[in-house]
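Scroll down for the structure; my scribbles are underneath it.
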Amino acid sequence: MATNTAKDIGVIKEDEFRRQIKKGLSGAYVFFGSEDYMKSFALKSAKDSVCPDETFAAFNEMRFDALSYTPEALADAIMPLPMMSDQKFISITGLDMNGMKAKEVDALCETLGMLSEYDYNVVIISVPAGLLDEGNIQRKKPSALLSKLSECATPVYFEPIVGSRLVAWVGKHLEHNGVHATPELCARIIERCGSSMYVLSFETEKLAYYVLWNGRDTVSEGDIEKVCVADISTEAYALSNAILDGRNDEALKAIEYLKFQRVDPIPLMGEVSGIICSLITVRSLIDKGVPTAEIARLSKLRNEYLTKRYIKSATARTPAKLKKALALCSEADMLLKGSQSMSGYAPIEKLICSL
């Protein structure tokens, strides 16, 4: 959707939302932005604040996802009175707001408008990163979609946690699990594992258990190298590009680097399999004469540029070759899961050479 001229639509940030939890929530909120981990944390904190008694959760807490949500189902959840409580909590997760038609957004807003009458509800719509066009929040130029939603819900912006804030968060997460690390080592964990807070949460928990198991409470650099899995996003991205462009030599070089970094080949296999499956989908749509914009929607590719790259790559390969590659994917996956060493990369290398 288009971006509006300079406009304040009442966006608050995650820290202000936390303060509102302490004061008491009311009405509807839309979570958006790139930090999905903090959205999940805030959603749970809000739920615990509004519905602290699990005994009545079946009556006072309703959850919807992209499959179960409809405006009618939401309206049915809003109307009943809470049971042995002052408020009810309703959450909607996983909606692709960018993919919704204007009339569907209107129906959502109309349903949220019921909250003025049924004011004992707290409704939170948590939109995954990239699925709500926000416009330019810093310059107060929100998208038309976000402006529309702000008419019936408070937008809550979850900006990326980076730099010293992320280093401090890693340190606190380790302390929560019973161990300590210097800021320098916390920064080393981020350097090795990447900045995804979901990944860092898992890796720091695993690291803490390892350190405690060895009778210590202080993390060393050796612990990090031994336990934490290296981030594969950069080289996996290079690998993806090489596969799409048919540059098998460069794809194999990317794999050599990942092998050197002792990256687990199983998630890498998932990356390669995803590309092959998307290529098969795109090739099938091309053969049916489906236009580019519709291919992007049906194949769930992120944007027109990426769709055109997939179209170019799929066109350069016959359907038979892509089906053979898919069969090799299945074979490689089985071999990988039975492998206990870095030689598990051989099935992936064989697959690359077949493309």
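Scanning segment 242-299 for residues that are out of contact with any Phe, Trp or Tyr (no Cβ under 8 Å at 6 or more places or on another chain), among the basic types (Lys, Arg) and assigned to a helix (DSSP H, G or I) returns Lys253, Arg283, Arg297. Just one residue in the set Val156, Val219, Val123, Val211 is buried (at least 20 other Cβ atoms within 10 Å of the Cβ), in contact (Cβ under 8 Å) with a residue 24 or more places away in the chain, in contact with a helix residue (DSSP H, G or I) (Cβ under 6 Å, 6 or more places away or on another chain) and over 30 Å from Tyr257 (Cα atoms); that residue is Val156.
Restricting attention to segment 45-69, the residues that are surrounded by fewer than 18 Cβ atoms within 10 Å (Cβ to Cβ) and within 25 Å of Ile9 (Cα to Cα) add up to 1.
Going through (1) of a type outside the set (S, T, N, Q); (2) out of contact with any Phe, Trp or Tyr (no Cβ under 8 Å at 6 or more places or on another chain); (3) in contact (Cβ under 8 Å) with a residue 12 or more places away in the chain one by one, Leu81 falls short only on (2).
If the condition is being within 15 Å of the chain's Cα centre (by Cα), free of Cβ contacts under 8 Å to residues at least 60 places away in the same chain and either in a helix (DSSP H, G or I) or closer than 21 Å to Ser220 by Cβ (or both), then segment 191-201 contributes Gly194, Val199, Leu200. Under the condition of being under 14 Å from Pro347 (Cα atoms) and buried (at least 16 other Cβ atoms within 10 Å of the Cβ), the residues counted in segment 253-270 number 5.
Within segment 168-188, which residues are modelled with pLDDT of 95 or more, of a type in the set (A, V, I, L, M) and part of a helix (DSSP H, G or I)? Hits for segment 168-188 are Ala168, Val170, Leu174, Leu185. If you go through segment 134-158 and pick out every residue that is under 27 Å from Tyr198 (Cα atoms), in contact with an Asp or Glu (Cβ under 9 Å, 6 or more places away or on another chain) and at pLDDT 90 or above, you end up with 5.
Going through Glu221, Glu175 one at a time, which residue ends up being within 29 Å of Leu268 (Cα to Cα), among the charged types (D, E, K, R) and outside the structural domain of Phe41 (by TED's automatic domain parsing)? It is Glu221.
The values are calculated or read from the model by the stated rules, or taken from the named source; none is laboratory data. Treat the numbers as computed from the prediction; the structure is a model and nothing was measured. So basically every Cβ, Gly included, is an ideal-geometry build from the backbone, and we count neighbours across all protein chains shown.
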